[in-house]
Structures are given as C-alpha cells and as structure tokens.
Amino acid sequence: PLMPLEDRPILGVLIDQLANAGVEGITISVGHLSGLIESWVRHHAGSRIPIDFAYEEEPLGTAGALRNVARPEDTFLALNGDILTTLDFAELIRRNDERGAIATVAVNHRSVGIQYGVVHSDADGRVTRLEEKPELSFSVSMGVYAMAPDIVDLIEPEERIDFPNLLLRAIEHGHEVQTLPFDGYWRDIGNADDYEQAIEDFARTPEQFLGPRSS
C-alpha cells in the first residue's frame, strides 16, 4: 500500500478516491510493518476523512479482519490496499443494495494466452480438436467488494479466511452474491508489470483517478 505513485503512495490515492465517493470513515487492517502505514496515514491522510486501524497479531487472511472492525450499520466497502482503478465505488454499493445481495464483487475481464498448441482428445485417445496458442478469457475479481453487515456474522472470531472462501460460505448459507462487471481501468500493483504500468498511467493522467480538483 505504500508503494509510490509519483508524490503519494497507492494507499493515498485510494483514500482520496473513497472520500470522493462519499465514504464516511475508513478502517485499515494492519499487521506486518503496521507502524509505517499508520505513521504515513496520520501525517498525510488523516484530516480529510476519519481513519482508524484494526491490528492483527497473527495474519487473518484478506477477510478475517472484518470481525475485528466495529460492525457497520449499512453496506460497506472492503478492498485490497494495492490496486489502482477508476471504478465507481458508489455505484458498486448501489448495485449491491438494488439486488439485495449480501456481497457484490467488482470483476474485470482478463485474457490469458497459452503459448502451446492445445490438443483435445476423446476417451480412446483420438484427437478431436486442435487449437494453436489459444487465448482464454476470464472474469477476475478486482479485490473490491460491497458487503452487507450480515456477512460479518459468517466469520468466526480470530478466524483466518480470505474473501473467496467467505463468499463461497455466504453462498452455501443461501445468500446471494452478485458481480459488477467493470471494463475500465484496473491494475493490481502487487504484480510487478502492472505496477510499472500504473506508475506511467498515473503520471500521465492523474485526474482520471483523482478528479480535476485533486490532481
């Protein structure tokens, strides 16, 4: 979250975006190197929107820390701290509320090229189809979720659980989990190539992420 994009870390961009979307408060779950994150926030980002912290003594996965946060009264956002996107966070919340879902996942289209010729065969080994270096397409999670407060009840105290497993648990309990397809800008800067591209994109057009007033 503290990896830089020009004059601010990615976390600073996310905080500004959430404030622009009308979010009233932020809780950041921290563990390893928590002091660095907390120090930067308190010195650079604490005046525009209330921000507090949830501390993990042991890693709880991407979703486990939700149980340690004061229970939200309304639909809330949960997101990873290392993404750069132009997603409309308010629209994600509206989508979740309109559908009455316990959670809505923002998804982006990604294609993956296979650098080999793929052979399809039947049970007797006969070739039925050949594909030369096919491209596979997927809808992938952007690491941004709108969630109803009830989803927190599905997490046990101090349980280590990631968001995919939490969403599957919600479905198993009979809850509806929705998606919001998004074809705009999204980069996961935990990926080195995406991070390098994000640096270039943010430097070229910061206003697409922060708006004209904050650029």
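The values are calculated or read from the model by the stated rules, or taken from the named source; none is laboratory data. Not measured: the values here are computed from a predicted model. A quick note on method: Cβ atoms are made from the backbone with ideal geometry, for glycine too, and the neighbour counts reach across all protein chains shown. Side chains included, ligands, DNA and RNA excluded: accessible areas come from the protein's heavy atoms. Shrake-Rupley method; radii C 1.70, N 1.55, O 1.52, S 1.80 Å.
Side notes on the structure shown:
- All Cα-Cα separations within the stretch 75-160 were binned at 5 Å from zero, giving a P(r) of 3, 11, 15, 15, 12, 10, 8, 8, 10, 7, 2, each value a whole percent of the pairs.
- The peptide list 47-55, 197-205, put in order of mean Cβ contacts within 10 Å with the highest first, becomes 197-205, 47-55.
- Computed per residue of the chain from DSSP H runs no shorter than four, each worth -39500 (n - 2.57), the mean residue ellipticity at 222 nm is -8500 deg cm²/dmol.
- Rounded to 10°, Cα long-axis angle of helix 10-20 versus longest principal axis of the chain: 70
- Applying the criteria of a DSSP loop state and at most 14 other Cβ atoms within 10 Å to the GluC sites (Glu not before Pro) of the stretch 1-103 yields 6, 24, 57, 73.
- Extension gain for residue 150-residue 44 works out to 34.9 nm (0.36 nm per residue, less the C-alpha to C-alpha distance).
- Gyration tensor over the Cα atoms of the chain: the corresponding equivalent ellipsoid has semi-axes (square roots of 5 times the eigenvalues, largest first) of 33, 24, 17 Å.
- Degrees separating the helix 34-44 axis from the principal Cα axis of the chain, which is the longest one: 60
- Inter-label distance, nm, simple model (7 Å from Cα along the C-beta direction), residue 191/residue 128: 3.1
- Point-to-point label distance, residue 208-residue 58, nm (Cα→Cβ direction, 7 Å offset): 4.4
- About its Cα centre, the dipole of the chain is roughly 300 debye, where the only charges are +1 on Lys and Arg Cβ and -1 on Asp and Glu Cβ.
- Rolling a 1.4 angstrom probe over the chain with all protein chains present gives an accessible area of which 48% lies on carbon and sulfur atoms.
- Label-point separation in nm, residue 3 to residue 24, each point 7 Å along Cα→Cβ: 3.4
- Expressed as a fraction of 2.2 N^0.38 Å, the C-alpha radius of gyration for the stretch 6-133 is 1.52.
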